[in-house]
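**Q** I am attaching a structure below and will ask some questions about it afterwards.
Readers should treat all values here as calculations from the given coordinates under stated rules, not as data from a laboratory. Since the structure is predicted, the reported quantities are computational estimates derived from the model, not experimental observations. Backbone-built Cβ (ideal geometry, glycine too); neighbour counts: all protein chains shown.
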Amino acid sequence: MIEIRLAEERDIPVLDKLIPRSVYGLQAAFYSHAQMEGALLGGIFAVDSQLIRDGTYFVAEDENKIVGCGGWSRRKALYGGDKAKKGPEGALLDPREDAARIRAFFIDPDYARRGIGSEITRRCESALLAAGFSRAFIVATLPGEKLYERCGYSAIKRSEIVLPNHELLPVVEMAKEFVRG
């Protein structure tokens, strides 16, 4: 049975192995090897330890094996791990004016399409609503777009991230507004 819990700093070495496995296993139909390499080596697809410290990052476990991860953020950064961060991206968002960020979802290919991403998304949405946010924003990968559409997110625009190896990574900016009842 898959269990979802908050990530802890001790999980980082396992996440560092899960992320490339997820990328190569689930994104190859959408991105070239050079694009995946550039995103991994450049820290775009990587652990953001700030999310873990903030208590906004979740892991999915199957019999104590981490098989998925994802989270949300109350900070300005849209994507990227520790080594990709620069500038004021760590500044806090104002829940009255800004959209929370949905961030860094990766699933073990052996566990794909079992509802793990959807469940982590639900956990993120519950937490960001409890923190006072009424909107969420994500820079989704092409393979992630369908997950977020199923979860009620709408595409705003398509764009590209320039990677350190000068490749371009196509992404989809998506948003969701929550109706408070």
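**Q** Where does the Debye-calculated log10 I(q)/I(0) of the chain sit at q = 0.10, 0.14, 0.16 Å⁻¹, using only Cα point scatterers of equal weight, no solvent?
**A** Ignoring solvent entirely, the Cα scatterers give -0.34, -0.71, -0.95.
**Q** Which of Val67, Tyr31, Met174 sits closest to the plus end of the dipole of the chain, meaning its Cα is farthest towards the positive end, when Lys and Arg get +1 and Asp and Glu get -1 on the C-beta?
**A** Value computed over the given set: Met174.
**Q** Can you find, among Gly43, Ala155, Ile12, the residue farthest towards the positive end of the dipole of the chain? Put +1 on the C-beta of Lys and Arg, -1 on that of Asp and Glu.
**A** After comparing all options, I get Ala155.
**Q** I'm a student and want to see the number: the projected area of the Cα convex hull of the stretch 127-181, averaged over all directions, in nm². Mind dumping the intermediate values first?
**A** On the way: hull surface 18.8 nm².
Dividing the Cα hull surface by four gives the mean projection, 4.7 nm².
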